[in-house]
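The values are calculated or read from the model by the stated rules, or taken from the named source; none is laboratory data. Since this is a predicted model, take the numbers as computed values, not measurements. Using ideal geometry, Cβ is built from the backbone for each residue, glycine included, and neighbour counts are taken over all protein chains shown. Ligands, DNA and RNA are stripped out before the accessible areas are found, and what is left, the full protein with its side chains, is counted by its heavy atoms. Shrake-Rupley method; radii C 1.70, N 1.55, O 1.52, S 1.80 Å.
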Amino acid sequence: MVDIQMKRIYEPAEASDGFRVLVDRLWPRGVSKDEAKIDLWAKDITPSTELRQDFHAGKDSWPEFEKLYHSELLHNPALPEFIKTISDQKTVTLLFAAKDTDHTHVKVLINVLKEKL
């Protein structure tokens, strides 16, 4: 079973992070590729641009965003390949830039991954 954790990209990389995956569509400001120490940039499994913009503009509430992104993920053709990529890892850390760690797409992604793994 893969241990999936989440962490802000601005926090230092640690050996306990295991396989580090950036799960933001846009590269985080102020972070160089060297200091990010990512193993994979999985922008194809992030929320669509429209969904992300609607949420940040306040058009979608958090519960609505969760529902819509969950549905997007289940129909995303990139998800099975991503699952295959991480399935042989002991620990996977999903990295993101958002300040609000309670209302981030990463929580939805982790729930879907746990359902599928």
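Under the condition of being part of a helix (DSSP H, G or I) and charged (D, E, K, R), which residue from region 77-117 is most open to solvent (accessible area, probe 1.4 Å)?
K84
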Query raised in the report: Do you know which of the residues in region 1-54 that are polar (S, T, N, Q) and in contact (Cβ under 8 Å) with a residue 40 or more places away in the chain is nearest to N111 (Cα to Cα)?
Result: Q5
Report task. Starting from residues that are among the small types (G, A, S) and under 17 Å from P77 (Cβ atoms), keep the ones in region 32-65 and report whichever is nearest to the chain's Cα centre (by Cα). Result -> A42
Query raised in the report: In region 41-55, is there at least one residue being within 23 Å of M1 (Cα to Cα) and β-branched (V, I, T)?
Result: yes
**Report entry** Hits in region 1-55 - residues which are modelled with pLDDT under 95, open to solvent by 30 Å² or more (accessible area, probe 1.4 Å), among the β-branched types (V, I, T) and within 13 Å of V92 (Cα to Cα)
**Finding:** none
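Yes/no per residue for (1) touching a Leu at 6+ places or on another chain (Cβ under 9 Å); (2) closer than 19 Å to L117 by Cα; (3) hydroxyl-bearing (S, T, Y):
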{"residue": "V2", "(1), (2), (3)": "yes, yes, no"}
{"residue": "A15", "(1), (2), (3)": "no, no, no"}
{"residue": "D24", "(1), (2), (3)": "yes, no, no"}
{"residue": "W27", "(1), (2), (3)": "no, no, no"}
{"residue": "D34", "(1), (2), (3)": "no, no, no"}
{"residue": "F55", "(1), (2), (3)": "yes, no, no"}
{"residue": "K59", "(1), (2), (3)": "no, no, no"}
{"residue": "A97", "(1), (2), (3)": "yes, no, no"}
{"residue": "V106", "(1), (2), (3)": "yes, yes, no"}
